[in-house]
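Working notes, beginning with the structure itself.
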Amino acid sequence: MSRPAPLTLIGLGPMGQAMGNALLDRGHGLTVWNRTASRADALVERGAVRAPDVAAAVAANELVVLSLTDYDAMYALLGPAADALAGKVVVNLSSDTPEKTRAGARWIAEHGGTLIAGGVTVPPSGIGSPESSAFYSGPSAAFERHRETLRTLTRTDYRGEDPGLAALMYQIGMVMFWNAMLGYWQAVALADANGLKAADILPHASDTVASLPGFLRFYADRIDTGHHGGDVDRLAMGTASVEHILHTMADSGVDTALPEAVVAFFRRGMAAGYAENSFSSMVELLKKPS
């Protein structure tokens, strides 16, 4: 069996630490660098090599994995080491917009390197788990060359040559995650105002979330075919429902900013003439104008 490929890891926050440990667990030779050098201590004790500076870290291996805040952080760190990027494959697992990701790919290419963009869909605790996954996009030859190494971190969901696609898929997930969790925090606040704890509503909250995949499947084909007929649900009834939510929140004395925004959006749909349509018709209000 061949020895796992060596690589460089730059950025040792909680996610970088989890990645470093997973790579060492699988026997990869690992060079590490972090602006706060002490964050590398535990990985160095396990056998990682601490690079003296960013340029040395990039020069050490063909594959360079970044775990940073965003692409601005990539420029700040790699800018002084740009001469070392020639011939390197940089896998940037930092979150950012698709357009900033594409710009980052061009910047790496201008310095002779190749960017593979990634979007990790799990927290640090999920790194190394076979159930976890990450999106990737960028030049397929470079990705395939390093796929097995990246599989040490998570399953790999390659989305194509456009480096912005991984960022797009990641942000789609984040749109749903943050809005869903805000809805849950609102539910917890309502429960608390009425003498219930988060644990008291957990089974009901979990059942509600578990029902969502069925709704997603049901509406997907209808949305793609432009079928928003009110044969199953109507926006008028949905508007009444979200108004009831707002009144319940107000009666309970909890913050109403979020339900007020939801009601305002439903009323926009009503004003647009969608009252007798399915509430899925409101996706048309959200779409980019043609």
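The values are calculated or read from the model by the stated rules, or taken from the named source; none is laboratory data. All values reported here derive from a predicted model rather than from experimental measurement. For neighbour counting, all protein chains shown are included, and Cβ atoms are generated from backbone atoms with ideal geometry for every residue, glycine included. Please note that ligands, DNA and RNA were not included when accessible areas were found on the heavy atoms of the full protein model with its side chains. Shrake-Rupley method; radii C 1.70, N 1.55, O 1.52, S 1.80 Å.
Could you tell me whether any residue of region 260-274 is part of a loop (DSSP other than H, G, I, E, B) and open to solvent by less than 30 Å² (accessible area, probe 1.4 Å)?
Checked region 260-274: no residue is part of a loop (DSSP other than H, G, I, E, B) and open to solvent by less than 30 Å² (accessible area, probe 1.4 Å).
Among the residues making up region 23-44, those that are open to solvent by less than 40 Å² (accessible area, probe 1.4 Å) and in a helix (DSSP H, G or I) are L23, L24, A40, L43. Is there a residue being surrounded by fewer than 14 Cβ atoms within 10 Å (Cβ to Cβ), at pLDDT below 95 and out of contact with any Phe, Trp or Tyr (no Cβ under 7 Å at 6 or more places or on another chain) anywhere in region 45-61? Within region 45-61, not a single residue is surrounded by fewer than 14 Cβ atoms within 10 Å (Cβ to Cβ), at pLDDT below 95 and out of contact with any Phe, Trp or Tyr (no Cβ under 7 Å at 6 or more places or on another chain). Only one of the listed residues (V254, V242) is assigned to a helix (DSSP H, G or I) and not hydroxyl-bearing (S, T, Y). That residue is V242.
Would you confirm, using the coordinates I've provided, whether H146 is closer than 25 Å to S280 by Cβ, touching a residue at least 40 places away in the same chain (Cβ under 8 Å) and surrounded by 14 or more Cβ atoms within 10 Å (Cβ to Cβ)? Taking the combined requirement at face value, the residue does not satisfy it. Y219 fulfils the conditions (1) open to solvent by 50 Å² or more (accessible area, probe 1.4 Å); (2) part of a helix (DSSP H, G or I) except for a single criterion, (1).
In region 85-116, the qualifying residues are those that are in a loop (DSSP other than H, G, I, E, B) and polar (S, T, N, Q), and the one that is least open to solvent (accessible area, probe 1.4 Å) is S94. Please pick out the residue among G20, G11 that is at positive phi and either among the hydroxyl-bearing types (S, T, Y) or open to solvent by less than 40 Å² (accessible area, probe 1.4 Å) (or both). The unique qualifying residue is G11. When region 49-75 is filtered for residues that are out of contact with any strand residue (DSSP E or B) (no Cβ under 8 Å at 6 or more places or on another chain) and among the polar types (S, T, N, Q), only T69 remains.
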